[in-house]
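A.B. asks: Pasting a structure below so you can have a look.
We did not get these values from a lab; they are worked out from the coordinates using the rules stated. Predicted model, so just to flag it, every value in this text is computed and none were measured. No Cβ is skipped: glycine too gets one built from the backbone with ideal geometry, and neighbour counts run over all protein chains shown.
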Amino acid sequence: MGFGKLWIVGVGPGAADLLTFRAVDAIRRSTLVIAPRAINSDESLARKVVEQYLSDKNIYEHSYSMIRDSSSAYQSWKHVAERIRPYLTSGEDVAHITIGDPHIYSTSAYLIPNVLEYLPEENLEIVPGISAFQVAASMFHKPLCIQEDRLLIMTATNISLVESMLPHAETIVLYKSGKHLNEIADLVDKHNITANVVGYGGIVDKECIGTDLRFIAKNLNGYMATVILHIGRRNWS
């Protein structure tokens, strides 16, 4: 029997109605579904999004540490890769679900290289998902970029680095912003730019939206927040 397929499935920012048809189909094809959960969280957000499609599935809810250490992250997901090996080598499909899109700050970045140590690359398929910054942008009706504008996506973990990037983009999207909203607010005031922030966009019981970063910092229920810095426009000339 040949290998099964590993589906890396982006399930969107947290709202079930933002799942794509392809994501649902990949989950339905799979015998086992891997649902990542941060070790300090009591639920897997990705699992919550797709719960209605999991009634006949084997579920592996992998708890992972959020410490900033690449070696530990790869080792954690190497364990997952070995755990799902019997499924894939016996011809069964496996789906790894991930919040947002698999290519943007996703746990799949650590799982994929470990699985490809034994799985042929043609048996890996990535299903794009709607990303948090797209949802955030849609809530404020302001284009991220037009004409020759430059769009930059980065983390908010180093505010000095963010500040150094201000001259090099017209719009900056900041991920991992939840713990840094007050610092970002200081930066916005210093440079007289505008900012929009969305926490847990699309998740009704957690969603937090606004332009007052300090207020959001006090009321954000969790750590997930995306900030969009609007710096200016760059015309065709």
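A.B. asks: Give the long-range amide H neighbours of Asp93: residues separated by 5 or more places, or on another chain, with amide H under 5 Å away, using H modelled in the peptide plane at 1.01 Å from N.
C.D. replies: Lys5, Thr31
A.B. asks: Any lysines with Cα under 28 Å of the Lys78 Cα? List them, leaving off those in the same chain fewer than 8 positions away.
C.D. replies: Within reach: Lys5, Lys48, Lys57, Lys176.
A.B. asks: Relative contact order for the range 132-230 using alpha-carbon pairs under 8 Å, separation at least 6, rounded to a whole percent?
C.D. replies: Averaging sequence separation for qualifying contacts and normalising by length gives 32 percent for the range 132-230.
A.B. asks: Rank the residues Cys145, Cys208 as a footprinting-exposure proxy: fewest other Cβ atoms within 10 Å of their Cβ go first.
C.D. replies: Details: Cys145 15, Cys208 20.
Final ranking by Cβ density, sparse to dense: Cys145, Cys208.
A.B. asks: Taking H as built 1.01 Å from N, whose amide H comes closer than 5 Å to the amide H of Tyr60, not counting residues under 5 places away?
C.D. replies: Close amide H contacts, sequence-distant or interchain: Val33, Ile34, Ala35.
A.B. asks: Further, regarding this structure: Along the positive direction of the dipole of the chain (beta-carbon charges: Lys, Arg +1; Asp, Glu -1; about the Cα centre), which of Gly232, Asn40, Ala15 reaches farthest?
C.D. replies: About the Cα centre, the residue reaching furthest to the positive side is Gly232.
A.B. asks: I would also like to ask the following. Taking the Cβ of Val204 as the center, what net charge do the other residues with Cβ under 14 Å away carry, scoring Lys and Arg +1 and Asp and Glu -1?
C.D. replies: Counting the neighbours of Val204, the net charge comes to -1.
A.B. asks: Going from the alpha-carbon gyration tensor of the chain, what semi-axes, largest first and in whole Å, does one get by taking the root of 5 times each eigenvalue? Walk me through the numbers before you get to the answer.
C.D. replies: On the way: eigenvalues 239, 65, 59 Å².
Result for the chain: semi-axes of 35, 18, 17 Å.
A.B. asks: Rank Trp77, Leu88, Leu213 by how far each Cα sits towards the positive end of the charge dipole of the chain (+1 on Lys, Arg Cβ; -1 on Asp, Glu Cβ) and give me just the farthest.
C.D. replies: It is Leu213, whose Cα lies furthest towards the positive end.
A.B. asks: Still on this structure: Which loop-located chymotrypsin sites (Phe, Trp or Tyr not before Pro) does the range 203-237 contain, where loop means any DSSP state but H, G, I, E or B and the Cβ has at most 10 other Cβ atoms within 10 Å?
C.D. replies: Passing sites in the range 203-237 are Trp236.
A.B. asks: Quick check on the range 132-230: what does the Kirkwood estimate of hydrodynamic radius come out to from the alpha carbon pairs, in Å? Before the final figure, lay out the partial values.
C.D. replies: Numbers: mean 1/r = 0.0753 Å⁻¹.
It is 13.3 Å.
A.B. asks: Assign unit charges at the C-beta atoms only (+1 for Lys and Arg, -1 for Asp and Glu), then state the dipole size of the chain relative to its Cα centre in Debye, rounded to the nearest 20.
C.D. replies: Working: 22 positive and 26 negative charges, 43 e Å.
Dipole about the Cα centre, nearest 20: 200 debye.
A.B. asks: Now for a separate question. Rounded to whole Å, give me the distance from the Cα center of the range 27-41 to that of the range 186-235.
C.D. replies: The range 27-41 and the range 186-235 have Cα centres separated by 29 Å.
A.B. asks: Here is a follow-up. Over the chain, what relative contact order in percent results from Cα pairs under 8 Å that are six or more residues apart?
C.D. replies: Here the relative contact order equals 22 percent.
A.B. asks: Using a Debye calculation, one point per C-alpha and no hydration shell, please list log10 I(q)/I(0) for the range 6-127 at q = 0.09 Å⁻¹ in order.
C.D. replies: The calculated log intensity ratios at q = 0.09 Å⁻¹ are -0.21.
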